[in-house]
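The values are calculated or read from the model by the stated rules, or taken from the named source; none is laboratory data. A quick note: this is a predicted structure, and the numbers were derived from the prediction, not measured. With ideal geometry, Cβ positions are generated from the backbone for all residues, glycine too; neighbour counts draw on all protein chains shown. The area values use the complete protein model at the heavy-atom level, side chains included, leaving out ligands, DNA and RNA. Shrake-Rupley method; radii C 1.70, N 1.55, O 1.52, S 1.80 Å.
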Amino acid sequence: MRILVIGSGGREHAIIRKLKESPKVDKIYAAPGNGGIAKDATCVDIGVMDKEKIVAFSKENAIDLVFVAPDDPLAAGMVDTLIANGIRAFGPRANAAIIESSKVFSKNLMKKYHIPTADYEVFDDPAKAIAYIEERNKYPVVIKADGLALGKGVIIAQTQKEARDAVKEIMEDKKFGDSGNNVVVEEFLTGPEVSVLAFTDGMVLEPMVSSKDHKRADDNDEGLNTGGMGTISPNPYYTPEIAEICRKTIFEPTVAAMNSENRTFKGCLYFGLMITPDGPKVIEYNARFGDPEAQVVLPRLKTDLVDILEAVIDERLSQLTIEWKEEATACVVMASGGYPLAYEKGKEITGLDEDGQLPSVEIFHAGTKLESGRFFTNGGRVLGVTAEAKTLDEALDKAYAAVKKISFEGAHYRTDIGRTK
């Protein structure tokens with residue numbers, strides 16, 4: 001098979017490395033890919049939103065399957081366009097990807113179908129949003145931009161002033177563009193967070209092994225929200241009992257709800273959960289593999305990923321048994337200094353071999369470029385250093401030992417991944 005993976009980050013590198021393990025795969029392309037991905041696939045200079053070029057490339061190169069990995073092209077209907085052109089594609093159509101691309105849609109869906117989530121209200125007027133927040137007078141309060149915002153459109157306001165500033169930033173200053181035309185104001189939930197990715201063909205849903213993301217930029221869960229500074233799998237708070245509750249009250253009802261709305265979801269559905277004192281509740285949905293969750297979940301997959309993708313596309317997931325390794329995995333993200341705000345690019349990365357790897361760990365490249373055989377930083381999150389071991393503590397020790405061997409100017413990483421609640 002000839003497969004094209006759309007995207008350029010650590011998630012896409014993890015997908016490509018897993019696809020490479022399949023004996024069914026002959027050639028992998030990435031559009032646009034990155035410096036590290038270039039060592040595992042043929043990178044082509046096509047943007048993730050360029051439907052015309054992706055369709056033309058797929059036809060010219062006899063691509064058997066296109067894996068649409070990022071949120072933006074899914075929301076924009078990349079899968080619809082590929083299918084309309086007779087090209088097999090993995091990922092939800094736009095009318096299903098709305099479960100991520102509109103927080104208003106997903107919250108209203110959960111309310112309508114009684115899927116447990118935080119109490120909320122939706123506003124298109126900043127004055128009304130502020131009035132509601134001040135009337136409730138409960139802090140912290142969560143304020144979310146309705147649309148896609150690179151995983152950064154959520155502000156947890158600790159005070160009235162922070163809440164007013166957040167509403168102004170999102171709705172008036174348009175920090176996240178049109179994504180902030182509407183906001184969701186919701187109650188702040190407490191408890192351990194859990195990420196569960198699941199394969200679904202629209203009828204059957206198969207949860208993957210659990211993981212835990214660490215969103216804050218700095219140790220002790222301090223600093224700004226980022227796209228993710230590290231992950232672990234399994235999540236120690238996700239017990240078999242909790243998993244069963246989630247399946248009955250969240251996972252299966254979500255698939256059924258999307259079918260009832262004529263928005264059948266086929267692909268990878270991500271559940272961002274919080275285990276509250278009142279039981280598990282949904283914080284958010286994503287319409288694709290999480291990043292960096294993919295970097296700890298996919299290394300644990302034993303079943304051929306190609307078989308799973310094909311079963312999802314052909315709606316025969318019920319015929320497949322998906323197997324997972326018992327080992328634990330840990331990923332530490334090395335980011336550019338200043339991330340998630342302003343940061344410099346073009347810093348040389350040392351400590352990696354010529355394939356951008358290190359022995360005994362996997363390095364997933366997120367923001368790198370390759371020039372004259374050398375790797376340079378080219379993004380906020382640069383590398384995901386991932387280790388596998390019998391126990392989580394051993395995996396973390398291995399990952400951090402590897403991090404210490406890699407360096408670039410201004411490198412920033414958390415020292416407490418997997419150690420925090």
TODO: Name the residue, out of Lys266, Lys405, Lys103, whose mean-square fluctuation peaks in a Gaussian network model built on the chain with Cα pairs under 10 Å.
DONE: Lys405
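Would you mind estimating how fast the range 147-305 diffuses translationally, via Stokes-Einstein at 10 °C and 1.306 mPa s with the Kirkwood radius over Cα pairs, in µm²/s? Show your work: numbers first, answer last.
Details: Rh = 17.0 Å.
This corresponds to a translational diffusion coefficient of 93 µm²/s.
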TODO: Sort the following peptides by mean Cβ neighbour count (other Cβ atoms within 10 Å, averaged over residues), highest first: 296-306, 243-253.
DONE: 296-306, 243-253
Task: Added length on full extension, which subtracts the Cα-Cα distance from 0.36 nm per residue, Arg164 to Phe188 - done: 7.0 nm
Task: Most positive-pole-ward Cα, Val296, His114, Cys268, against dipole of the chain from beta carbon charges - done: Cys268
Open item on the list: Along the Cα→Cβ direction, 7 angstrom out, place labels at Glu323 and Thr239. What is the inter-label distance in nm?
Closed with: 2.9 nm
Task: Quarter of Cα convex hull surface for the range 262-304, i.e. mean projection, nm² - done: 4.7 nm²
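Give me the extension gain from Asp178 to Ala127: residue separation times 0.36 nm, minus the current Cα-Cα distance, reported in nm with one decimal.
That pair, Asp178 and Ala127, stretches by 16.6 nm at full extension.
Using the crude model of +1 on Lys and Arg Cβ and -1 on Asp and Glu Cβ, and no other charge, please compute the dipole size for the chain relative to its Cα centre, in debye to 20.
On the way: 52 positive and 65 negative charges, 35 e Å.
About 160 debye.
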- [ ] For the range 10-140, build the charge dipole from Cβ charges (+1 Lys, Arg; -1 Asp, Glu) around the Cα centre, then report which of Pro140, Phe90, Ala75 sits farthest towards its positive end.
- [x] Phe90
TODO: Take the chain, connect every pair of alpha-carbon atoms lying under 10 Å apart with a spring to form a Gaussian network, then pick out the residue of Gly91, Gly177, Gly202 with the largest mean-square fluctuation.
DONE: Gly177
Open item on the list: Give me the percent of accessible area attributable to carbon and sulfur for the chain, probe 1.4 angstrom.
Closed with: 47 percent
Task: Separation in nanometres of the label points that stand 7 Å from Cα toward Cβ, at Glu252 and Thr276 - done: 2.3 nm
- [ ] Determine the gain in length on full extension of the stretch Asp353-Asn225; use 0.36 nm per residue of separation and subtract their C-alpha separation, reporting nm with one decimal.
- [x] 42.9 nm
Open item on the list: Can you tell me how the range 225-365 classifies by the Cα gyration tensor, rounded, prolate or oblate, using a/c under 1.5 as the rounded cut?
Closed with: prolate
Task: Accessible area (Å², 1.4 Å probe, nearest 10) - Cys43 - done: 50 Å²
Task: Rounded FRET efficiency, nearest 0.05, which uses the C-beta distance separating Lys27 from Ser260 and R0 of 41 Å - done: 0.55
Open item on the list: Going through the cross-link list Lys212/Lys347; Lys103/Lys398; Lys20/Lys144; Lys152/Lys404; Lys24/Lys215; Lys152/Lys248, which pairs have a Cα-Cα distance over 32 Å in this structure?
Closed with: Lys103/Lys398; Lys20/Lys144; Lys24/Lys215
- [ ] Considering only protein heavy atoms, with the full assembly of protein chains and a 1.4 angstrom probe, order Asp119, Asp72 by accessible area, largest first.
- [x] Asp119, Asp72
TODO: Ignoring everything but the protein chains, give the 1.4 Å probe accessible area of Glu362 in square angstrom, nearest 10.
DONE: 50 Å²
TODO: Pop a pseudo-label 7 angstrom from the Cα along the beta-carbon direction at both Glu52 and His114 and give the gap in nm to one decimal.
DONE: 5.0 nm
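Helix-only estimate, please: 222 nm mean residue ellipticity of the chain, summing -39500 (n - 2.57) across DSSP H runs of length 4 or more and dividing by its residues, to the nearest 500.
On the way: 13 runs with 111 residues, N = 421.
My calculation for the chain gives -7500 deg cm²/dmol from helical runs alone.
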- [ ] Work out the length of the dipole vector of the range 1-151 about its Cα centre, built from +1 on the beta-carbon of each Lys and Arg and -1 on the beta-carbon of each Asp and Glu, and round it to the nearest 20 debye.
- [x] 520 debye
TODO: Tell me the Kirkwood hydrodynamic radius of the chain in angstroms, computed as one over the mean inverse distance between distinct C-alpha pairs.
DONE: 21.7 Å
Open item on the list: Using +1 at the C-beta of Lys and Arg and -1 at the C-beta of Asp and Glu, which of Gly279, Leu370, Ala198 has the Cα lying farthest in the positive direction of the dipole of the chain?
Closed with: Leu370
